[in-house]
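First up is the structure itself, then whatever we jot down about it.
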Amino acid sequence: MNGAALLLLAATLQAAPAQEPPRQRGFGLALSGGGARGIAHVGVLRALEDNGLRPDSIAATSMGAVVGALYASGLRGPELQRIVESFDWDRLFSGRPERRFVPVTRRLDEMPSLFSLGFQHWKIKLPSAALGDYRVNRFLTRHLAEAGFRAGNDFDRMPIRFRAVAAALDNGDRVVLSKGDLPRAVRASMSIPVFFVPVDWNGRLLVDGGVADNLPVGVARDQGAEVVLAVDVSSPPLTRDEYESITGVASQLSNALTGVQNKTFHQEADFAIRPDLGRHSALDYNDFDLLIARGYEAGLAIVGPLKERLGIPADRVAAPPPVVPPGPELVGRRIATVAVDPTQRFSEKLIRRTFNIPTGVPYDMAKGLNALDKVFATSFFDSAWMRFEPEGDDVRVVLGVKEETTNSLDFAAGYHSADKARGMVRFRNQNVFGLGERFELLWSGSDTTRLVRADLEGDRIPGTFVGYGFHAERRQERPRYFEHGELQGRAGFERETLRAALTRTWKRTHAFEGGVSVGRVETTPETGVPFLENSDQVRSLFARYVWDKLDDLRLPSRGVRIAVQGERSVPGLGADHDYWTASFSGRVARALGRRSALELELFAGVSGLDVPVYDQFRLGGPVLAPGLYEEERWGNQAAGGALTFRFGPMRNLKLLARVGAGGVWDTFGDQTDSLEPGAGLGAVYLTPAGPIAIEWGVQSSGQSRFTFTLGYRGPY
């Protein structure tokens with residue numbers, strides 16, 4: 001070949017380069033916020049993965065950030081769906097701690113408030129947010145802390161590049177989070193104003209990204225995505241009849257204002273889908289299967305055009321596996337230091353004693369979360385979270401907290417068919433001397449009981465493992481008195497009591513209390529009640545042991561609770577009566593699947609010598625003796641038991657059926673004839689203001705009774 005031919009061949013090759021195989025363009029996802037509707041993102045991701053598509057980057061807002069971060073951490077679609085479906089999302093937004101982590105001495109008189117006002121320096125401090133975020137923080141830490149630590153807090157080093165979008169509370173600017181603590185970044189992105197406490201991010205308060213950019217297509221492009229798929233699960237516009245109420249007007253106004261801000265950052269995506277979720281509420285965490293299925297359908301519909309645009313063979317069904325970049329592992333890494341963010345009112349020593357993570361040992365996520373649970377269960381804090389920082393080859397564990405107000409004024413109200421209307425006002429100080437001591441002043445009243453009580457309790461006397469309690473109360477009781485099922489009238493007891501006790505607890509589940517009680521009781525019965533008007537001096541020694549592992553005091557699904565207590569009236573100390581009483585109560589609950597539970601409840605009480613009528617045992621319906629009036633039977637000895645089956649067809653609705661038998665008697669040997677069997681049916685509906693319960697019980701003799709309750713029972 002001559003030189004001219006060679007030159008011609010070279011020119012031809014230069015003009016027509018060899019054909020390269022088509023390459024996949026950078027594929028990015030933009031996932032919107034939408035509350036519960038965001039669960040549909042799971043279905044979209046599964047549809048893409050099942051058809052050979054995995055994004056190179058994800059930019060997301062609010063619930064989209066939760067789902068997107070989980071997927072970007074390296075999860076496959078089935079794992080992501082399992083996590084989302086297995087979690088109790090209703091409880092996720094509850095501000096109440098896990099009961100098993102609350103010290104047992106603080107479980108003995110649980111009375112949730114309907115509304116609470118905080119006080120600091122005698123100024124009212126309203127709640128920081130409508131919903132608690134502790135369980136949200138815990139969920140994000142459990143599932144995202146490891147991925148963030150491995151990536152060195154750089155979201156570009158995650159298996160899928162990730163961005164969380166938030167908004168600055170000071171001016172509404174969009175804030176794109178690309179580095180830092182991954183769980184806190186996602187938490188900031190979902191900080192819906194009013195509902196959740198804003199997140200302090202480098203000195204700036206951040207709220208939900210939907211305020212500024214709910215569908216962050218532009219952020220996805222800034223990550224280098226050449227092809228962007230936008231998935232919009234936001235709620236449809238309100239209809240006119242939906243914003244004629246005060247809450248509807250507020251929602252419509254919020255939507256209008258955020259819509260204006262969103263236009264600033266709006267960009268068109270290459271592909272956009274909006275799953276058909278109807279008018280499913282953003283606050284309705286039910287029907288996950290339907291939400292995921294609708295998301296899957298919407299994802300399938302875009303697979304073909306998306307593959308064509310990306311240059312991916314239509315028959316490819318295996319998505320490339322997530323590539324986890326090399327990085328330090330959090331779990332198993334040696335703990336170098338444990339630190340607590342500065343607090344204003346609570347001693348760091350007190351907090352560290354509760355957040356008992358040791359140094360020099362490998363970090364264990366389950367133990368770390370347990371320590372976090374214990375901190376939140378103190379009720380000293382509105383919120384608590386952890387973050388993890390590399391320290392050489394080790395890790396630094398940092399506890400972050402947002403302090404609860406030291407003083408609070410709590411209110412509660414309700415109704416019960418026996419007590420009629422009732423109410424409660426309670427003042428609390430949770431840090432009297434700086435070591436977590438609690439002072440409480442309580443008033444409560446109903447048709448049958450009025451109570452004024454003051455309590456001072458401490459978990460430990462300095463330098464010891466023993467706690468203490470001082471209690472003063474004035475209680476007026478007007479219980480109904482029955483004979484042979486017929487109401488005779490009301491008794492009248494007015495008690496004034498001072499008690500001092502020492503306590504010892506073990507492992508948050510065992511507690512022993514013993515002390516002395518002094519006071520007097522005035523008896524003033526109505527006509528028809530066979531009690532004498534009298535005034536008695538009370539001097540007694542008492543003791544109580546409690547072992548409590550129930551997950552819930554009112555509607556438990558698992559655990560055991562046993563309480564044994566006794567009291568000895570001591571004439572040598574000035575008591576007018578010489579007698580003793582002892583009682584046992586036990587409850588065992590076991591879950592039967594996800595929706596059902598079986599509970600066994602037992603009670604037995606014995607007494608001896610000269611027992612005054614005001615200290616007799618009282619037993620009745622609706623639990624231990626279905627069909628009887630509450631506290632209808634009085635006697636020196638008592639026993640009862642009930643077996644209850646509960647079924648939850650809906651998240652907030654519990655249906656129950658029970659059988660029980662109970663009775664009282666004056667002397668041993670009479671109990672066989674006194675036990676009265678019965679059965680009951682009922683329903684409990686859980687609301688933010690407390691349970692609404694109705695139950696019908698019937699005795700074997702044919703006597704029956706309805707019981708209705710609205711709200712929680714008082715501390716009677």
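Determine, yes or no, whether residue 492 is open to solvent by less than 40 Å² (accessible area, probe 1.4 Å) and either farther than 30 Å from residue 701 by Cα or out of contact with any His (no Cβ under 8 Å at 6 or more places or on another chain) (or both). So residue 492 fits the description; yes.
Rundown of residues vs (1) closer than 30 Å to residue 520 by Cβ; (2) among the charged types (D, E, K, R); (3) modelled with pLDDT of 95 or more, yes/no style:
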{"residue": "624", "(1), (2), (3)": "no, no, no"}
{"residue": "627", "(1), (2), (3)": "no, no, no"}
{"residue": "631", "(1), (2), (3)": "yes, yes, no"}
{"residue": "634", "(1), (2), (3)": "yes, no, no"}
{"residue": "643", "(1), (2), (3)": "no, no, yes"}
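Looking at region 119-132, can you tell me whether even one residue there is under 17 Å from the mean Cα position of the chain (by Cα), modelled with pLDDT under 90 and crowded, with 21+ Cβ neighbours inside 10 Å?
From region 119-132, those under 17 Å from the mean Cα position of the chain (by Cα) are 127-132; that's our starting set.
Pick out the ones that are also modelled with pLDDT under 90 and you get 127-132.
Of the ones still in play, those that are also crowded, with 21+ Cβ neighbours inside 10 Å are 132.
Scanning region 119-132, I find at least one residue that is under 17 Å from the mean Cα position of the chain (by Cα), modelled with pLDDT under 90 and crowded, with 21+ Cβ neighbours inside 10 Å, so the answer is yes.
The set of residues from region 376-405 being surrounded by 22 or more Cβ atoms within 10 Å (Cβ to Cβ) and over 27 Å from the mean Cα position of the chain (by Cα) comprises just one member, 395. Scanning region 559-576 for residues that are more than 28 Å from residue 549 (Cα to Cα), hydrophobic (A, V, I, L, M, F, W, C) and not in a helix (DSSP H, G or I) returns 570, 575. In the set (1) outside any strand (DSSP E or B); (2) under 27 Å from residue 604 (Cβ atoms); (3) in contact with a Ser or Thr (Cβ under 8 Å, 6 or more places away or on another chain); (4) open to solvent by 60 Å² or more (accessible area, probe 1.4 Å), the condition left unmet by residue 530 is number (3). Only residues that are under 30 Å from residue 560 (Cα atoms) and open to solvent by 60 Å² or more (accessible area, probe 1.4 Å) were counted in region 517-527, giving 0.
When region 156-195 is filtered for residues that are closer than 16 Å to residue 328 by Cα and touching a Leu at 6+ places or on another chain (Cβ under 7 Å), only 182 remains. Here the condition is being open to solvent by less than 30 Å² (accessible area, probe 1.4 Å), of a type outside the set (Ser, Thr, Tyr), touching a His at 6+ places or on another chain (Cβ under 7 Å) and within 18 Å of residue 551 (Cβ to Cβ); of 104, 67, it holds for 104 alone. The listed residues are 656, 628, 686, and the only one of them that is buried (at least 16 other Cβ atoms within 10 Å of the Cβ) and assigned to a loop (DSSP other than H, G, I, E, B) turns out to be 628. Taken as a whole, the structure places residue 210 among residues that are more than 17 Å from residue 145 (Cβ to Cβ), out of contact with any helix residue (DSSP H, G or I) (no Cβ under 6 Å at 6 or more places or on another chain) and either open to solvent by less than 20 Å² (accessible area, probe 1.4 Å) or part of a strand (DSSP E or B) (or both).
Residue 472 fulfils the conditions (1) modelled with pLDDT under 95; (2) out of contact with any Phe, Trp or Tyr (no Cβ under 6 Å at 6 or more places or on another chain) except for a single criterion, (1). Does region 578-596 hold any residues that are modelled with pLDDT of 95 or more, among the aliphatic types (A, V, I, L, M) and under 33 Å from the mean Cα position of the chain (by Cα), and which are they? Scanning region 578-596 gives 588, 589.
Taking the condition of being free of Cβ contacts under 8 Å to residues at least 12 places away in the same chain and part of a strand (DSSP E or B), how many residues in region 488-527 meet it? First the steps, then the outcome.
First, the residues of region 488-527 that are free of Cβ contacts under 8 Å to residues at least 12 places away in the same chain: 506-507.
Next, from what is left, pick out any that are part of a strand (DSSP E or B): 506.
So the answer is 1.
On the given criteria, is residue 611 without any contact (Cβ under 8 Å) to a residue 60 or more places away in the chain, in a loop (DSSP other than H, G, I, E, B), within 22 Å of residue 686 (Cβ to Cβ) and open to solvent by 10 Å² or more (accessible area, probe 1.4 Å)? Here the answer is no, as residue 611 does not meet what is asked.
Just for region 577-599: of the residues that are in contact with a strand residue (DSSP E or B) (Cβ under 9 Å, 6 or more places away or on another chain) and assigned to a loop (DSSP other than H, G, I, E, B), which one is least open to solvent (accessible area, probe 1.4 Å)? Even if it seems obvious, please write down each step before you answer.
Start the filter on region 577-599 by keeping residues that are in contact with a strand residue (DSSP E or B) (Cβ under 9 Å, 6 or more places away or on another chain), which leaves 577-592, 594-599.
Now narrow it down to the ones that are assigned to a loop (DSSP other than H, G, I, E, B): 577-578, 594-595.
Details: 577: 33, 578: 63, 594: 200, 595: 141 Å².
Step by step, filter region 577-599, then rank; the result is 577.
Find the residue count for region 414-434, including only residues that are of a type in the set (Val, Ile, Thr) and modelled with pLDDT of 90 or more. Summing the residues that are of a type in the set (Val, Ile, Thr) and modelled with pLDDT of 90 or more in region 414-434 gives 1. Output the residues belonging to region 299-338 that are under 30 Å from residue 400 (Cβ atoms), in a loop (DSSP other than H, G, I, E, B) and in contact with an Asp or Glu (Cβ under 7 Å, 6 or more places away or on another chain). Hits for region 299-338 are 330, 331, 333.
Apart from one condition, residue 495 fits all of (1) more than 28 Å from residue 710 (Cβ to Cβ); (2) at pLDDT 90 or above; (3) of a type outside the set (A, V, I, L, M, F, W, C); the exception is (1). Looking across region 538-558, the residues that are out of contact with any Ser or Thr (no Cβ under 7 Å at 6 or more places or on another chain), open to solvent by 70 Å² or more (accessible area, probe 1.4 Å) and either part of a strand (DSSP E or B) or at pLDDT 95 or above (or both) come down to 541, 545. Evaluated against (1) surrounded by 18 or more Cβ atoms within 10 Å (Cβ to Cβ); (2) in a helix (DSSP H, G or I), residue 162 falls short on exactly one condition, (2). Considering every residue within region 193-203, establish whether at least one is among the hydrophobic types (A, V, I, L, M, F, W, C) and in a strand (DSSP E or B). So far as region 193-203 goes, yes, one or more of its residues are among the hydrophobic types (A, V, I, L, M, F, W, C) and in a strand (DSSP E or B). Picking from residues in region 258-299 that are among the hydroxyl-bearing types (Ser, Thr, Tyr) and open to solvent by 30 Å² or more (accessible area, probe 1.4 Å), the one that is farthest from residue 212 (Cα to Cα) is 296.
The values are calculated or read from the model by the stated rules, or taken from the named source; none is laboratory data. If you're wondering where the values come from, they're calculated on a predicted model, not measured in any experiment. Because the Cβ atoms are built from the backbone with ideal geometry, glycine has one as well, and the counts that use them run over all protein chains shown. In case anyone asks, the SASA skips ligands and DNA or RNA and just uses the protein heavy atoms, side chains included. Shrake-Rupley method; radii C 1.70, N 1.55, O 1.52, S 1.80 Å.
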